[in-house]
């Protein structure tokens, strides 16, 4: 079975968020299940010169963007056993950064059209499925139906569209998208690309793909309701029969406290060794050195979605107890300043690292006793999965993938892998943190929690199996072979 992933980012080439981790690791898990998965990306300037030098030129062709007839190069590189294709156009992609340009509509319409065109030039590979990810490739299913349906080799191709975060939709004016796509008013009706007087790339994926997935079962249910649906809940309810939630995984080889090069003391379930890492991190960050102080980690973008407003509201009350909080992340200025100010008021108890640093992130996972994720909404979340891998107890709000992957601790039965709260309320968060800290000071309870966590596995195996089953349901048996 041949599957082409179309996405705007992937590790190790370029990354702005969790999407890149998914596109970098899920294809390898699918390959282990005998799916020939290849990935197509823009050839950004931010891709390292070392990787760019390894790319092989495959073909060049022209791509229509409205009335414009633009050059497009197709390049190829095999990385970790996976074939990656790159769409080359220096005008659109030879720039610093991935997103945030005034012509992003044109850049990603070009990329989506180039993906469709490139299928003809992939040597020895014709995809049965094109699997599109987030709004940047949301127009691929539409373009296939509007411009390529009459070509025999395209007629058997099926499309899957995955929502990684419904909040980011690629909204542009109707006039601009019509011009770039070269289509008439008939495609901008309520049942098409039209979105409150404009156009939506995300909606294109939802309307025109053969199947829709998102990254957790609970999020698939939530986004069909107005509160979480970002004004697309009606479309999602209409297509609920084609919508499926598949929980993301993590790369167990990369996130492994027994082999992690960023972690000083390697461990698996040995809490004594984990606490040695805590003391080393306390020394590194200038916190009070004491292996018995419960340490809470927070690695996050500092934005409202992540529940940061709840944390800042109860920060002083939380730090009144004998705990430490280690933060790594950047985002909204008001949150950055709130944490910096709190660190000044609570020396030795709060370390506010306003940046992102991969090595420090790993050391926080490995050193912390608890990990904080009180998200307002969370399609899947990777932080809690990494925390579980490092035997760090998650404290989460019951939403999206957090609800699907963290089992609330039950004092009576001893079941559970973390602590959770339901309502988006700062003091519910505070009480949940305090409950987790109390459990930490009861060795028998804490050892039970760690034992439960040690039985979990959030590698990509199960998700890959579910995706494979989905692909098989979409294509005829004779095509699968």
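Since every read-out is calculated from the coordinates, none of them should be taken as a lab result. All values reported here derive from a predicted model rather than from experimental measurement. Cβ sites come from the backbone with ideal geometry, for glycine too, and all protein chains shown count toward neighbours.
What is the Cα centroid distance between region 403-481 and region 79-153, reported in whole angstrom?
For region 403-481 versus region 79-153, the Cα centre distance is 35 Å.
Can you tell me the 0 to 90 degree angle between the C-alpha axis of helix 461-474 and the longest principal axis of the chain, rounded to 10?
In the chain, helix 461-474 runs at an angle near 20 degrees to the longest axis.
Which value in Å does the Kirkwood hydrodynamic radius of the chain take, with 1/r averaged over all unlike C-alpha pairs and then inverted?
Every distinct Cα pair counted, the radius reaches 23.6 Å.
For region 271-454, what is the relative contact order in percent, using Cα pairs closer than 8 Å and at least 6 residues apart in sequence?
Averaging sequence separation for qualifying contacts and normalising by length gives 21 percent for region 271-454.
Using 18 Å as the cut-off for backbone N distance, which residues of region 72-104 belong to the label zone defined by a point 7 Å from the Cα of residue 259 along Cα→Cβ?
What the label zone holds, given the 18 Å backbone N cut-off, is 79-82.
Averaging over all projection directions, find the projected area of the Cα convex hull of region 306-406 and quote it in nm² with one decimal place.
Spelled out: convex hull of the Cα atoms, projected over all directions, averaged, 6.2 nm².
Relative to the first principal axis of the alpha-carbon coordinates of the chain, what is the inclination of helix 271-285, with its axis defined by its Cα atoms, in degrees from 0 to 90 and to the nearest 10?
80 degrees
Rounded to the nearest 0.05, what FRET efficiency do residue 473 and residue 330 have when you use their Cβ-Cβ distance and R0 = 35 Å? Before the final figure, lay out the partial values.
Numbers: r = 42 Å, r/R0 = 1.19.
Efficiency, from the Cβ-Cβ distance: 0.25.
Please say if region 324-363 is rounded, prolate or oblate, where rounded means a/c under 1.5 for a ≥ b ≥ c the square roots of the C-alpha gyration tensor eigenvalues, and otherwise the choice is prolate for a/b larger than b/c and oblate otherwise?
oblate
Note the angle between two axes, namely the Cα long axis of helix 333-345 and the longest principal axis of the Cα atoms of the chain, as a number of degrees from 0 to 90, rounded to the nearest 10.
20 degrees
When the distances between all Cα atoms of region 64-162 are binned every 10 Å from zero, what whole-number percent does each bin get?
13, 46, 35, 5
Can you compute the label reach from residue 50? Point 7 Å from Cα along the Cβ direction, backbone N cut-off under 17 Å, restricted to region 245-272.
Those under the cut-off are 261-262.
Run the simple label-point estimate for residue 422 and residue 435 please: 7 Å along Cα→C-beta, distance reported in nm.
The modelled label-to-label distance comes out at 1.1 nm.
Based on the Kirkwood radius over alpha-carbon pairs, what is the Stokes-Einstein translational diffusion coefficient of region 271-454 at 4 °C with 1.567 mPa s viscosity, in µm²/s?
Once the numbers are plugged in, D ends up at 81 µm²/s.
How many angstrom lie between the C-alpha centres of region 366-402 and region 165-192?
36 Å
Just subtract the alpha-carbon distance of residue 174 and residue 240 from 0.36 nm times their residue separation and send over the number in nm, one decimal.
Gain on stretching residue 174 to residue 240: 21.1 nm.
Tell me what the chain gives for mean residue ellipticity at 222 nm when only DSSP H runs of n ≥ 4 count, each as -39,500 (n - 2.57), the sum divided by the residue total, rounded to 500 deg cm²/dmol.
-11000 deg cm²/dmol
Based solely on C-alpha atoms, express the radius of gyration and the Dmax of region 362-481 in angstrom.
Taking only Cα atoms of region 362-481, I get Rg and Dmax of 17.2, 60 Å.
Kirkwood Rh over Cα pairs of region 1-86 into Stokes-Einstein at 4 °C, 1.567 mPa s: D in µm²/s?
Estimated diffusion coefficient is 94 µm²/s.
Between region 224-285 and region 312-345, how many Å separate their Cα centres?
Measuring centre to centre over Cα atoms gives 22 Å.
Sorted by packing (mean other beta-carbon atoms within 10 Å per residue), highest first, where do 366-376, 218-228, 96-106 land?
366-376, 218-228, 96-106
Per q in 0.19, 0.22 Å⁻¹, report the Debye log10 I(q)/I(0) for region 217-329, using one uniform scatterer on each alpha carbon and no solvent.
Evaluating at q = 0.19, 0.22 Å⁻¹ gives log10 I(q)/I(0) of -1.07, -1.21.
Counting DSSP beta bridges in the chain, what percent are antiparallel, to the nearest 5?
Approximately 30 percent, going by the DSSP bridge assignments.
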